[in-house]
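J.: Please read through the structure below; I'll follow up with questions.
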Amino acid sequence: MRLRLPEERPTEPPTGYKIAHPVLSQDGTRAGFTGVSLGGALPYGVVADASCVYGLRHAAPHRRCDCGFHCVHDRSVAEGLLCTAEHRTAVLLKVLVLGRYIRFERGFRYARQRVRTATVGPCACGTTAAALADAGWGRPGWHALAPSCAGCLRGRTSVSLASFARLAGEGLRVVAGAGAGAAAGASGAPERSSTGPGEAGLPPASPPADLGVPELVAEAALLQARLDWFQAQLARLGRRGGGDVGHG
């Protein structure tokens, strides 16, 4: 006798949690995520369909394969994964489980998902993140990003949290988690998503009307940090030029 899994027909999509690395396309026009384990070489968008990473033609998830998206039931379990060294710069995702799924004791393996919220951890210095900056690695055509405060950008390719949400689209919310600088100023306040693509790393020419004070302050802090960096580079070049003239 062939055993069948019990069928569930929920009235609303189940919710789960997972971690992933945020990524930015090479041309800076798209944003998404890449997994931390199986299938991590294939970046995905806010709404995405799973496929078999082994190239098999069956639909994911398959009972006799481990393909498909994966998530856990409890937020605390997913947060615990962020403690490992290789996952410190990943973000916490809250997802809706769509399509076919297989329920396990600790989570789901499923065919389709929608990322609802991405919670960004603190900068490596401990300050609340204001942006996502180049992490120094990536996938073909994609830059991996890591949380960064305005003071640690140092000219790296980056996007503000609000800009990342706009580039990703589909109503994604990007929230800054608490850091050591959470009480230092409004730049550490969570950011809310908005629609429409924005220029990577810079505030859009026409900011959406639904941005509030925390979002605008975060954008201003990011712009000010870049201005400070450019001024420091100009001062360094000016000193070098002055030295050359003196020795001539």
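J.: For the range 26-60, enumerate the residues that are over 18 Å from Val115 (Cβ atoms) and of a type outside the set (D, E, K, R). Talk me through it step by step, then tell me what you get.
T.: Start the filter on the range 26-60 by keeping residues that are over 18 Å from Val115 (Cβ atoms), which leaves 26-29, 41, 52-59.
Residues satisfying the conditions are Gln26, Gly28, Thr29, Ala41, Cys52, Val53, Tyr54, Gly55, Leu56, His58, Ala59.
J.: Go through the range 143-155 and give me each residue that's within 21 Å of Gln26 (Cβ to Cβ) and surrounded by fewer than 18 Cβ atoms within 10 Å (Cβ to Cβ).
T.: Arg154, Gly155
J.: Spot the failing condition for Thr117; the list is (1) modelled with pLDDT of 95 or more; (2) buried (at least 21 other Cβ atoms within 10 Å of the Cβ), and only one is missed.
T.: Checking Thr117 against (1) modelled with pLDDT of 95 or more; (2) buried (at least 21 other Cβ atoms within 10 Å of the Cβ), the one that fails is (2).
J.: Going by the structure shown, is Phe104 at pLDDT 95 or above and of a type outside the set (Lys, Arg)?
T.: Values: at pLDDT 95 or above: no; of a type outside the set (Lys, Arg): yes.
Here the answer is no, as Phe104 does not meet what is asked.
J.: Do we find a residue being surrounded by 17 or more Cβ atoms within 10 Å (Cβ to Cβ), within 23 Å of the chain's Cα centre (by Cα) and not hydrophobic (A, V, I, L, M, F, W, C) anywhere in the range 48-55?
T.: Start the filter on the range 48-55 by keeping residues that are surrounded by 17 or more Cβ atoms within 10 Å (Cβ to Cβ), which leaves 48, 50-53.
Narrowing further to those that are within 23 Å of the chain's Cα centre (by Cα): 48, 50-51, 53.
Those still in the list that are not hydrophobic (A, V, I, L, M, F, W, C) too: 51.
Yes, that holds for at least one residue.
J.: If you go through the range 86-130 one residue at a time, how many are more than 19 Å from Ser160 (Cβ to Cβ), touching a residue at least 60 places away in the same chain (Cβ under 8 Å), in contact with a Gly (Cβ under 7 Å, 6 or more places away or on another chain) and not small (Gly, Ala, Ser)?
T.: Going through the range 86-130 one residue at a time, the tally reaches 5.
J.: Shifting gears a bit: Could you say which residue among Pro43, Pro14 is more than 16 Å from the chain's Cα centre (by Cα), of a type outside the set (Val, Ile, Thr) and under 24 Å from Ala90 (Cβ atoms)?
T.: Numbers: Pro43 fails: more than 16 Å from the chain's Cα centre (by Cα).
That would be Pro14, the only listed residue that is more than 16 Å from the chain's Cα centre (by Cα), of a type outside the set (Val, Ile, Thr) and under 24 Å from Ala90 (Cβ atoms).
J.: Ok, one more. For Thr84, only one of the following conditions fails: (1) hydroxyl-bearing (Ser, Thr, Tyr); (2) over 30 Å from Phe230 (Cα atoms); (3) surrounded by 14 or more Cβ atoms within 10 Å (Cβ to Cβ). What is its number?
T.: (3)
J.: Name the strands (runs of 3 or more DSSP E) wholly within the range 26-82 that hold at least 2 residues that are farther than 21 Å from Phe164 by Cβ and without any contact (Cβ under 8 Å) to a residue 60 or more places away in the chain?
T.: Those strands (runs of 3 or more DSSP E) span 69-72.
J.: Still on this structure, I have one more. Among Gly155, Gly99, Gly126, which is the only one that is modelled with pLDDT under 95 and in a strand (DSSP E or B)? Reasoning before the result, please.
T.: Numbers: Gly155 fails: in a strand (DSSP E or B); Gly126 fails: in a strand (DSSP E or B).
Going through Gly155, Gly99, Gly126 in turn, the sole match is Gly99.
J.: In the list Val47, Val53, Val72, Val77, which residue meets the criterion of being farther than 20 Å from Gly136 by Cβ, of a type in the set (A, V, I, L, M) and out of contact with any strand residue (DSSP E or B) (no Cβ under 9 Å at 6 or more places or on another chain)?
T.: On the way: Val47 fails: out of contact with any strand residue (DSSP E or B) (no Cβ under 9 Å at 6 or more places or on another chain); Val72 fails: out of contact with any strand residue (DSSP E or B) (no Cβ under 9 Å at 6 or more places or on another chain); Val77 fails: out of contact with any strand residue (DSSP E or B) (no Cβ under 9 Å at 6 or more places or on another chain).
Val53 is the lone residue from the list that is farther than 20 Å from Gly136 by Cβ, of a type in the set (A, V, I, L, M) and out of contact with any strand residue (DSSP E or B) (no Cβ under 9 Å at 6 or more places or on another chain).
J.: Ok, one more. Could you tell me whether Phe69 is surrounded by 13 or more Cβ atoms within 10 Å (Cβ to Cβ), over 26 Å from Asp134 (Cα atoms), of a type outside the set (S, T, N, Q) and in contact with a Phe, Trp or Tyr (Cβ under 6 Å, 6 or more places away or on another chain)? Step through it out loud before you land on a result.
T.: Values: surrounded by 13 or more Cβ atoms within 10 Å (Cβ to Cβ): yes; over 26 Å from Asp134 (Cα atoms): no; of a type outside the set (S, T, N, Q): yes; in contact with a Phe, Trp or Tyr (Cβ under 6 Å, 6 or more places away or on another chain): yes.
Spelling it out, it is not the case that Phe69 is surrounded by 13 or more Cβ atoms within 10 Å (Cβ to Cβ), over 26 Å from Asp134 (Cα atoms), of a type outside the set (S, T, N, Q) and in contact with a Phe, Trp or Tyr (Cβ under 6 Å, 6 or more places away or on another chain).
The values are calculated or read from the model by the stated rules, or taken from the named source; none is laboratory data. Since this is a predicted model, take the numbers as computed values, not measurements. Reconstructed Cβ throughout: ideal geometry from the backbone, glycine too, with neighbour counts over all protein chains shown.
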